[in-house]
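Working notes, structure below.
Just so it is clear, none of the values below were taken in a lab; they were calculated from the coordinates. Values in this document were obtained by computation on a predicted structure and should not be read as measured data. Please note: Cβ atoms are built from the backbone with ideal geometry, for glycine as well, and neighbour counts cover all protein chains shown.
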Amino acid sequence: MGKLVFVGLLYCLGCLTALANLTDLAEEPDWGRLDSFQKCISKGEFVRQLNEVYCPRKSWWSSWIEINQDSARIRKKADSDDWYDLQFLESNKSNGSSFPCFQISGAKIFIDPGHIGGEFSAMEGRHFALGNDEPVKEGDLALLIALALKSKLERKGAAVFLSRKQNQPVTDARPGDFKNRASSWFGKIKWMHRITEEEKRERIQKKADLYFYRVSEIMARRQLVKKTKPDLILCIHLNAAPWPDPQHKSLVSRNDYHVLVNGCYMGGEMAYDDQRFEMVWRLVNRWEATERLIAESMSRAFAQKTGLPAFAYKGPNALKIGKVEGVWARNLLANRIYEAPVVFLEPYIANSEAVYQRIQMGDYAGHKEINGQKKQSLVREYVDAVLLGLERVGSLK
Ligand SMILES: [Zn+2]
């Protein structure tokens, strides 16, 4: 009898406090942070950003956001009737926000070399080797580019911060710290009993690794962003194409570039309380205007400096932004949780014939002839494209 009462009590507490639906390692959002944005954004601007940038399908957001005449109501928790009411700016009033602008001199720029690299690159899946050649590590290349870019931007009067200066993690955590969390995550999956013990161990290890190198690492970098309060964050990456045959790696011929801003939250992502809050947070801060301005300038600069074609997404996880080709919106952990305008650079296909050869040649001054064309080192071409993109932002208005 006593046990029954106890179970009943727990059940009722469960009804009263709906469980938060959160992404891996995320904390419950503090909706009160939106209070300072009351009556700061008009209904037209809110709805425009929602449709054109953050969530292009009404069916993805309609269970979570209600648009009324005077306010947007945003559901705070999945399975609860608790809503945040964001009052719109009256349409005849102006909030004084002007067209975004940017210039290198005086800007606070945070450069985030993607991934960790070094001894962690294989675990990150950002590492490949062909024969006896030097392995290609995206994290190491990103750091070389970031360091060169930092000194050039500083000479032009910017204050530049790096998320990392070595091929080492920023987070203090390591995969071993997430073993229990990974095991309990798999404990909830029904088909786990059907696989062998060895496969189970491998999967738990992979999940613990992922918590470390992706989630915990990016969360640690987010703290650095919070301290720095930059005007702009540049995430430095190189793209790669899927191997045609993963067993027998052979280089691909595809080579292209693209640039990402934050947006395109899909239905499943909107259902997470933290992601829904972060989307609204980015929207009310109007970071999309700066992100788009910089991304479009970057896209033009990469097309000019590298001569590469722009990549175009086909699936629902990316949304075309504006008319300049190569500029897309995606919802990634880093461009969602870093609290400032974030532009993600994804030039070059590292496992293409053309790029692989250039990576193997390393960094060098001046030009070298490659397949009949005189080319800078890949690192210097990347840095020059970013500089050109940032220099030209002001002249686009
Ligand atoms: Zn990357």
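Counting GluC sites (Glu not before Pro) as exposed when in a DSSP loop with at most 13 other beta carbons within 10 Å, what is the longest stretch of the chain free of them?
It works out to 91-397.
Please name whichever of Y313, A334, M279 sits farthest to the positive end of the charge dipole of the stretch 237-338, dipole taken about the Cα centre and charges placed at Cβ: Lys and Arg +1, Asp and Glu -1.
About the Cα centre, the residue reaching furthest to the positive side is Y313.
What pairs in K137/K368; K108/K368; K150/K375 have C-alpha atoms more than 28 Å from each other?
K108/K368
Can you find, among L22, F46, L86, the residue farthest towards the positive end of the dipole of the stretch 18-87? Put +1 on the C-beta of Lys and Arg, -1 on that of Asp and Glu.
Value: F46.
Taking Cα pairs under 8 Å and at least six residues apart, what relative contact order does the stretch 18-87 come out at, in percent?
In percent, rounded to a whole number, it is 36.
Per the Debye formula with a single identical scatterer at each Cα and no solvent contribution, what log10 I(q)/I(0) holds for the stretch 311-397 at q = 0.21, 0.23 Å⁻¹?
-1.17, -1.22
Looking at the chain only, what percent of DSSP beta bridges run antiparallel? Nearest 5 please.
Roughly 50 percent of the beta bridges in the chain run antiparallel, per DSSP.
Over the stretch 18-87, how many percent of alpha carbon pairs lie in each 5 Å bin up to the one with the longest distance?
Cα pair-distance distribution for the stretch 18-87, in percent: 3, 15, 22, 26, 21, 10, 2, 0.
To the nearest 0.05, how large is the calculated FRET efficiency for E66 and A159 if R₀ is 25 Å and r is the Cβ-Cβ distance?
My answer for the efficiency is 0.05.
Sum up the charges of everything whose Cβ sits under 9 Å from the Cβ of P309, counting Lys and Arg as +1 and Asp and Glu as -1, but leave P309 out.
-2
Within the stretch 30-80, report the trypsin sites (Lys or Arg not before Pro) that DSSP leaves as loop and that have at most 16 other Cβ atoms within 10 Å.
In loop regions of the stretch 30-80 (DSSP not H, G, I, E or B), the sparsely surrounded trypsin sites (Lys or Arg not before Pro) are K39, R57.
Which log10 I(q)/I(0) values does the chain give at q = 0.08 Å⁻¹ under the Debye formula, counting every alpha carbon as one identical point scatterer?
Here the Debye-derived log intensity ratios amount to -0.49.
Kindly provide the helix-only [θ] at 222 nm of the chain, computed as the sum of -39,500 (n - 2.57) over DSSP H runs of four or more divided by all residues, to the nearest 500 deg cm²/dmol?
Dividing the helical sum by the residues of the chain leaves -11000 deg cm²/dmol.
If you place +1 on the Cβ of every Lys and Arg, -1 on the Cβ of every Asp and Glu, and leave all else neutral, what size is the dipole of the chain about its Cα centre, to the nearest 20 Debye?
The calculation lands at about 360 debye.
When the distances between all Cα atoms of the stretch 241-356 are binned every 5 Å from zero, what whole-number percent does each bin get?
The distribution over the stretch 241-356 is 2, 12, 19, 19, 17, 14, 9, 6, 2, 0, given as percents.
Can you check how the C-alpha radius of gyration of the stretch 67-169 compares to 2.2 N^0.38 Å, as a plain ratio?
Taking N as the residue count of the stretch 67-169, the ratio is 1.77.
F212: net charge of surrounding residues, Cβ under 9 Å, Lys/Arg +1, Asp/Glu -1, itself excluded?
Net of charged neighbours comes to -1.
Loop-only trypsin sites (Lys or Arg not before Pro) in the stretch 105-171, please: DSSP not H, G, I, E or B, and at most 16 other Cβ atoms within 10 Å.
K156, K165
What whole number of Å gives the distance from the Cα centroid of the stretch 61-115 to the Cα centroid of the stretch 294-314?
Using only Cα atoms to place each centre, the spacing works out to 27 Å.
List the extent of the Cα atoms of the stretch 155-264 along each of their three principal axes, largest first, rounded to whole Å.
59, 40, 31
Alpha carbons only, please: Rg and Dmax for the stretch 163-208, in angstrom.
13.9, 44
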